[in-house]
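The structure appears below as structure tokens.
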Amino acid sequence: MQAEDIARKYGRRTDRVDAARLMLADKEHEARLSADTGGRTAIYDYRLNEGMYVSPAYAAPYTVIVNGSDQLQVMRWGLVPHSATLTEKERYEREHMYKNAQAEHLFTSWPWRKLWRQRRCIIPVTGFFEPHYDESGLSRPYYIQRTDGGLFSIAGLYDEWPDPESGNTLLSFVMITISANPMLREIHNGGAHPFRMPLILPDERAEGWLDSSTERQEEVERYLVTPDDKDFEAWPVGKRFNYGDPYDPAKTEREEIRTPRQAFIF
């Protein structure tokens, strides 16, 4: 999946993505040189995620995002609120904060209550990962995708943070989660936030979510609905999920497990 595929699906342009590709390529080159000389910068911090849900969750990729603009945007996963100080911004990134926002708290909790009216976005993906815990408490990641393998929309919020040192603006986003449907309840059965899943928007409702005229709470609430599981499938993947290149497509390959229930496929 490439940004051009995303642009075709959502009717957007790619000028800003093209510019970001060049900028991130330079940063990755610098990071590789730093790594060769003992630096600690991860080269994957400067890869552009174009439609694949990056794992593991503590990664903070630059991601192609859809908002109300006619241009695709490039944003950082892990929201940095507009009002954050430089010290706060560094702490949010260090502690991997603000990756997810619970739909139930969208209108009442900071910083989401400042964003839900005019800062809604879509995270276009081909799939995502969730952990499943067996009876012994060990976890195994599962990969979830549409049965047709197609691109789909996860609802999110975004903000703009003015960097006081460079004068640049950092765009960052958070993914909205909601109570899980039956398939995801069975898969995502443990951890810090069990029985939850990304808020997946039906194709026909995606542009409505982005519409700036949709600004009353009762209008936005209509989008906060647990998605059906009939068009999705899931299977276990290998433990390498947590290691190596987070962009390696092999991370989504099925890996059979020695239990009577080999995979959840609905």
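The values are calculated or read from the model by the stated rules, or taken from the named source; none is laboratory data. No experiment lies behind these values; they were computed from the predicted model shown. Every residue, glycine among them, receives a Cβ derived from its backbone with ideal geometry; neighbour counts consider all protein chains shown. SASA here: full protein model, heavy atoms, side chains in, ligands and nucleic acids out. Shrake-Rupley method; radii C 1.70, N 1.55, O 1.52, S 1.80 Å.
Highlighted here would be helices (runs of 4 or more DSSP H) found entirely within the stretch 139-224 that include at least 3 residues which are of a type in the set (K, R), under 24 Å from K99 (Cβ atoms) and modelled with pLDDT of 95 or more, but there are none.
Using the structure shown, decide if G156 is under 24 Å from W209 (Cα atoms) and touching a helix residue (DSSP H, G or I) at 6+ places or on another chain (Cβ under 9 Å). Against the criterion (under 24 Å from W209 (Cα atoms) and touching a helix residue (DSSP H, G or I) at 6+ places or on another chain (Cβ under 9 Å)), G156 does not qualify. Going through (1) out of contact with any helix residue (DSSP H, G or I) (no Cβ under 8 Å at 6 or more places or on another chain); (2) loosely packed, with under 12 Cβ neighbours inside 10 Å one by one, V225 falls short only on (2). I'd like to know if the stretch 75-90 contains one or more residues that are open to solvent by 10 Å² or more (accessible area, probe 1.4 Å), among the aromatic types (F, W, Y) and assigned to a helix (DSSP H, G or I). No, because not a single residue in the stretch 75-90 is open to solvent by 10 Å² or more (accessible area, probe 1.4 Å), among the aromatic types (F, W, Y) and assigned to a helix (DSSP H, G or I).
Across the stretch 130-176, which residue is nearest to D5 (Cα to Cα) among those that are under 14 Å from the mean Cα position of the chain (by Cα) and among the β-branched types (V, I, T)? Result: I154. Going by the structure shown, is A250 at pLDDT below 95 and either part of a helix (DSSP H, G or I) or surrounded by 15 or more Cβ atoms within 10 Å (Cβ to Cβ) (or both)? Here the answer is yes, as A250 does meet what is asked. When the residues of the stretch 166-212 are filtered to those that are within 25 Å of H132 (Cα to Cα) and basic (K, R), the one that is least open to solvent (accessible area, probe 1.4 Å) is R196. I'm trying to understand the selection: among the residues of the stretch 91-123, which are assigned to a loop (DSSP other than H, G, I, E, B) and either under 30 Å from R13 (Cβ atoms) or among the polar types (S, T, N, Q) (or both)? Passing the criteria: Y98, K99, L106, T108, S109, P111, L115, W116, R117, Q118, R119. Please determine whether any residue of the stretch 119-137 is of a type in the set (G, A, S) and open to solvent by 70 Å² or more (accessible area, probe 1.4 Å). So far as the stretch 119-137 goes, yes, one or more of its residues are of a type in the set (G, A, S) and open to solvent by 70 Å² or more (accessible area, probe 1.4 Å).
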